[in-house]
Amino acid sequence: MSVQKCKRCDILFQYPDTGPQLCPNCTKKDEADFDIVRDFLHEHPLSSGQEVHDATGIPIESILRWLKDGRLISLEITGIIRCENCGEPIFSGKLCTECRYQLAKDFSGAAAKPEEPVQMQPKSEKRGMQFLKKGN
Ligand SMILES: [Zn+2]
Ligand SMILES: [Zn+2]
């Protein structure tokens, strides 16, 4: 338990040291927002973060936070999210597959099973190509 600043409204609150860094009030709003985005991605599975934002009005920061929390997965490597350990661009979460594997080896069994993330995919073919074009 520690005092943290809410990432949405900036008030100080008692953070239980797990889960999103949001005050109880914003946690509720955040869940409601996440439901909207999840429903939107269910109907439009090939949407980028910007398209989700344009269609739902949910702030990009929230979408990025869910990506970092591993609740959303972007199939587009934008470089916005990077591995906290080695700096590699990643789709979702805090660590790249390699570092996660290393971490899992070091602390086997310590990590809780993550929630099944919702997938996000860019519509643009150009961005898809970027992913396929390796070493060029
Ligand atoms: Zn708040
Ligand atoms: Zn890494």
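The values are calculated or read from the model by the stated rules, or taken from the named source; none is laboratory data. This one's a predicted model, so the numbers in the text were calculated from it and none came from an experiment. When we count neighbours, we look across all protein chains shown, and the Cβ atoms used for this are built from the backbone with ideal geometry, even at glycine.
A few points about this structure:
- Checked against the criteria, Ser47 counts as in contact (Cβ under 8 Å) with a residue 60 or more places away in the chain and small (Gly, Ala, Ser).
- Condition check for Asp39: within 16 Å of ligand 1 (Cβ to nearest atom) and at pLDDT 80 or above: no
- Selection of the range 52-71 for residues being touching a residue at least 40 places away in the same chain (Cβ under 8 Å) and not in a helix (DSSP H, G or I) yields Gly70, Arg71.
- The conditions of being modelled with pLDDT under 85 and away from ligand 2 (no atom under 16 Å from the Cβ) are not met by Pro24.
- Within the range 7-21, being modelled with pLDDT under 95 and surrounded by 13 or more Cβ atoms within 10 Å (Cβ to Cβ) holds for Lys7, Arg8, Tyr15, Pro20, Gln21.
- Checked against (1) assigned to a helix (DSSP H, G or I); (2) within 30 Å of Tyr101 (Cα to Cα); (3) touching a helix residue (DSSP H, G or I) at 6+ places or on another chain (Cβ under 7 Å); (4) modelled with pLDDT under 90, Phe34 passes all but a single condition, namely (4).
- The residues of the range 66-119 that are at pLDDT below 85, more than 13 Å from ligand 2 (Cβ to nearest atom) and aromatic (Phe, Trp, Tyr) amount to a single one, Phe107.
- Pairs with Cβ under 9 Å, 6+ apart, first in the range 88-103 and under 12 Å from Ile73 (Cβ atoms), second among the charged types (D, E, K, R) and surrounded by 14 or more Cβ atoms within 10 Å (Cβ to Cβ): Ile90/Arg82; Phe91/Glu76; Ser92/Lys68; Ser92/Asp69; Ser92/Arg71; Gly93/Lys68; Gly93/Asp69; Gly93/Arg100
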